[in-house]
Amino acid sequence: MKIAYYLVHDLTRNDGVVKKIKSQISEWENLGVEVKVFAISGFCENSIIDANIYGFSGFISSRIRPNRHLLSDIDEFKPDLVYLRYDTVTANILYLAKKYKLICELNTIDRDEAKLFFKSNIDLKSTFRLLAFYLLRNKFFHQMAGLVSVTQEILNHQSIRKFQIPQVCIPNSIQTAKYPTLKAIDSSQQRIGLFFMGTPDQPWQGFDILENLASELPEFDFHVVGLMKPSYANVYFHGFLSMEKYLPIMKSCHVCIGTLALFRKKMTEACPLKIREYVAYGFPIIIGYKESMFEDHSHLPEWALEIDPENPSINSIREFCLSMRDKIVSHEEAFPLIDSGILEKKRVDFFGQVIKK
């Protein structure tokens, strides 16, 4: 089986998306799949992924003009199918759909996220983007031979379910063997530290909710990676950092915090890669949504606390942090929930079903 992995993303950021792709490719290759990555990135240095890189020519130009070099390279590779992360309709996708079966990976309810981005920055350009999104959305899905979603909630959403396309739900996962236990008990630390990592300009991350929690819990220190602004009181902002630089900060903490405002995307379920990393590194977690790694959301493990971010119980958070101060999540506990070996085999099996259909 030969898979062409196509996406539009800056691979040099080596962010969660890039790390996820690297993990996926590794597992597929372990299963005997030949994979090549074809990325419209704009940059070509220092990526952890070996990929064919093609320049980004702008939002409009890159969509209405086919990238002849990219398409020629994919044709030369002769894949059995093309796997892509969700994007709007482009000339490249329309070309590929005529020659190959396409499978799209859905990481969010695209319609609601598009509305949220528009509301956060209403101007002529964003209005044009939203209009183009609605005009082209159906066209995009009609090019797909299969859908892979990271949550069941996404597949069950009426805006996705209406498309009669073979589909499967496969939560995000990581290669746990590559994540050594990072958390260690340090009795010399007087204050409990909480670690939060997010991306600016994504309202569902909930930076504002985190700051509200910090004001209610002055006895704890909150370390924030991904957002740069002046630190104050018990909140420390570190800006965007590479893994090598944020891991020492995480190691100094006791509990990690996940996405806090998913409700702003009108969603309740998610499976962020950062949560899987937190757990693999040995940290208890606080989350503001239903985590896909847990099948039974009414009985979470002791090291996971699900809160209502719109009306959080401060006492519950305080008690959880105090009780989890010296808790180290073992690989034995984490492996069955987040390891990519089993989950990626399920994805490859789905590829085979789509190819044969």
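The values are calculated or read from the model by the stated rules, or taken from the named source; none is laboratory data. Keep in mind the model is a prediction, meaning the values are calculated, not measured. Glycine also receives a Cβ, built like all others from the backbone with ideal geometry; neighbour counts cover every protein chain displayed. Note: areas computed on protein heavy atoms with side chains; ligands, DNA, RNA excluded. Shrake-Rupley method; radii C 1.70, N 1.55, O 1.52, S 1.80 Å.
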**Complete:** Of the candidates Leu247, Leu241, Leu194, Leu227, the one satisfying the condition of being closer than 30 Å to Trp28 by Cα and in contact with a helix residue (DSSP H, G or I) (Cβ under 9 Å, 6 or more places away or on another chain) is Leu241
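Considering only residues of the stretch 290-323 that are aromatic (Phe, Trp, Tyr) and at pLDDT 95 or above, which is farthest from the chain's Cα centre (by Cα)? Spell out how you get there, then give the answer.
So in the stretch 290-323, the residues aromatic (Phe, Trp, Tyr) come out as 294, 303, 320.
After this cut, where a residue has to be at pLDDT 95 or above as well, the list is 303, 320.
Details: Trp303: 22, Phe320: 26 Å.
Among residues in the stretch 290-323 that are aromatic (Phe, Trp, Tyr) and at pLDDT 95 or above, the one farthest from the chain's Cα centre (by Cα) is Phe320.
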**Item:** Of the criteria (1) in a loop (DSSP other than H, G, I, E, B); (2) under 21 Å from Ile285 (Cβ atoms), which one Gln190 fails
**Value:** (2)
**Tabulated pairs, the stretch 291-307, first farther than 14 Å from Pro171 by Cβ, second in a loop (DSSP other than H, G, I, E, B) and not small (Gly, Ala, Ser), C-beta under 6 angstrom, 6+ apart or interchain** = Leu300/Phe294; Trp303/Pro284; Trp303/Lys327; Trp303/Val329
**Asked** Looking at the stretch 104-133, which of its residues are under 21 Å from the mean Cα position of the chain (by Cα) and either part of a loop (DSSP other than H, G, I, E, B) or of a type in the set (D, E, K, R) (or both)?
**Response** Glu105, Asn107, Thr108, Ile109, Asp110, Arg111, Asp112, Glu113, Lys115
**Request:** Within the stretch 185-192, identify whether any single residue is hydroxyl-bearing (Ser, Thr, Tyr), farther than 30 Å from Leu102 by Cβ, at pLDDT below 95 and open to solvent by 10 Å² or more (accessible area, probe 1.4 Å), and answer yes or no.
**Result:** yes
**Prompt:** Do any residues in the stretch 28-55 that are within 17 Å of Met1 (Cβ to Cβ) and in contact (Cβ under 8 Å) with a residue 12 or more places away in the chain have Cβ atoms under 6 Å from those of residues that are exposed (fewer than 14 other Cβ atoms within 10 Å of the Cβ) and of a type in the set (Val, Ile, Thr), where the two are at least six apart or on different chains, and which pairs are they?
**Reply:** none
**Complete:** Taking the stretch 293-352 and keeping residues among the hydrophobic types (A, V, I, L, M, F, W, C), within 30 Å of Ala145 (Cα to Cα) and part of a helix (DSSP H, G or I) leaves Leu337, Ile338, Ile342, Leu343, Val348, Phe350, Phe351
**Request:** Those residues that are surrounded by 13 or more Cβ atoms within 10 Å (Cβ to Cβ), out of contact with any Ser or Thr (no Cβ under 7 Å at 6 or more places or on another chain) and part of a loop (DSSP other than H, G, I, E, B), I need them from the stretch 207-227; list them, please.
**Result:** Leu217, Phe220, Leu227
**Request:** Hand me the list of strands (runs of 3 or more DSSP E) wholly inside the stretch 1-103 holding 1 or more residues that are surrounded by 17 or more Cβ atoms within 10 Å (Cβ to Cβ), aliphatic (A, V, I, L, M) and touching a Ser or Thr at 6+ places or on another chain (Cβ under 6 Å).
**Result:** 51-54
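Mind listing whichever residues of the stretch 278-315 are of a type in the set (D, E, K, R) and open to solvent by 10 Å² or more (accessible area, probe 1.4 Å)?
Keep residues of the stretch 278-315 that are of a type in the set (D, E, K, R), which gives 290-291, 295-296, 302, 306, 308, 310.
Those that are of a type in the set (D, E, K, R) and open to solvent by 10 Å² or more (accessible area, probe 1.4 Å): Lys290, Glu295, Asp296, Glu302, Glu306, Asp308, Glu310.
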**Request:** Write out, first by first residue and then by second, each pair whose Cβ atoms fall under 9 Å of each other, whose residues are 6+ apart or on separate chains, and whose first residue, in the stretch 119-132, is closer than 18 Å to Arg63 by Cβ while the second is modelled with pLDDT of 75 or more.
**Result:** Arg129/Thr88; Ala132/Thr88; Ala132/Val89
**Request:** Write out, first by first residue and then by second, each pair whose Cβ atoms fall under 6 Å of each other, whose residues are 6+ apart or on separate chains, and whose first residue, in the stretch 190-216, is touching a residue at least 12 places away in the same chain (Cβ under 8 Å) and within 21 Å of Leu247 (Cα to Cα) while the second is open to solvent by less than 50 Å² (accessible area, probe 1.4 Å) and part of a helix (DSSP H, G or I).
**Result:** Ile192/Cys321; Phe195/Met250; Phe196/Leu210; Met197/Lys274; Gly198/Gln205
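To keep it simple, each residue is scored yes or no on (1) acidic (Asp, Glu); (2) open to solvent by 10 Å² or more (accessible area, probe 1.4 Å); (3) modelled with pLDDT under 95.
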| position | (1), (2), (3) |
| --- | --- |
| Leu247 | no, yes, no |
| Met250 | no, no, no |
| Val255 | no, no, no |
| Lys265 | no, yes, yes |
